[in-house]
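These notes are about the structure you will find just below.
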Amino acid sequence: MTQPTAAPKPPSGTKKPVFVLIGVIVVVVALCGLFQWITKITSRDDLAGLGTPVPAASTTPSAPAPTWQPPNELTDPNPELQIRHELESWVLESAGTAKPTKSSCDLPGRFTGGSAATFSCTVTYEKNTVTYEVNAKPSSGLTFSWDADTAQNVVTRTGILTAVADRFRTPRFSDLRCEELPQVALVPTGRPIAQHCYVRIEGREKTATIDLIPTRSTLRLDTRLQ
């Protein structure tokens, strides 16, 4: 009796292309998943929704000014009052809102502006005192020139919100928000305060940070992108 003929074996290597194809598919799927994960991470807006909305500005604000005027520089020169008036203006502009303000200068004798001098002046905004170091020198005729700097200045919640609302009032800005701000604070100049504001800028996918930087004479708003 003849034995049944064995089934022919499949040619060697016929399963290998199948395994290779499956491996390629697995790699492609993994890469697609990795790409989606990276895209999700890089496109995430970590600043979205931070802070509370800032009310829109209804009018262009004007900086507050001292309640008094110095004498005319040419007809009735008084260097001290001219300097004090300007320094009070700087503090009020930085604060952005009018409050009781006074000033004084520690003058070297009878200062007339006719000779070079260095002295300090203080401006008190409510209970916050800003100290300026002043350098003055004669200019021409009855006039003189001077400059001053300070390590601290005043900021207020009302002033910051007003400045931010006015600066970012155009349609290309939206979702303007600020962190909880101090009612009044004496802060270092030349660097951002601890609190920030945020804004969406047309054409940008992520929310931008607004750094609030006091200077000797005003509040600077710098936009920083993610």
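We did not get these values from a lab; they are worked out from the coordinates using the rules stated. Please read all numbers here as calculations on a predicted model, not as lab measurements. Here Cβ is always computed from backbone atoms with ideal geometry, including for glycine, and neighbour counts include all displayed protein chains.
Cross-link reach is defined here as a Cα-Cα straight distance under 19 Å, omitting same-chain residues fewer than 8 places apart; for LYS102 the aspartates and glutamates meeting it are GLU80, GLU86, GLU88, GLU93, GLU126, GLU133, ASP149. Normalised by the number of residues in the stretch 82-226, the mean separation of alpha-carbon contacts (under 8 Å, six or more apart) gives a relative contact order of 21 percent.
Computed over the stretch 44-106, relative contact order equals 32 percent, with contacts defined as Cα pairs under 8 Å that lie 6+ residues apart. Shape of the stretch 142-184 from its Cα gyration tensor (a ≥ b ≥ c, root eigenvalues): rounded if a/c is under 1.5, otherwise prolate when a/b > b/c, or oblate? Oblate. Under a model in which nothing but the beta-carbon of Lys, Arg (+1) and Asp, Glu (-1) is charged, the stretch 61-180 shows a dipole of about 240 debye around its Cα centre. With the simple model of a label 7 Å out from the Cα in the direction of the Cβ, GLU133 to ASN78 spans 2.8 nm. Placing unit charges on each Cβ (+1 for Lys and Arg, -1 for Asp and Glu) gives the stretch 81-226 a dipole about its Cα centre, and among ILE193, THR218, LEU161 the Cα reaching farthest toward its positive end belongs to LEU161.
Stretching the chain fully between SER43 and PHE173 yields a gain of 44.9 nm (0.36 nm per residue, less the alpha carbon separation). Counting only Cβ charges, +1 for Lys and Arg and -1 for Asp and Glu, the dipole size of the stretch 123-226 around its Cα centre is about 220 debye.
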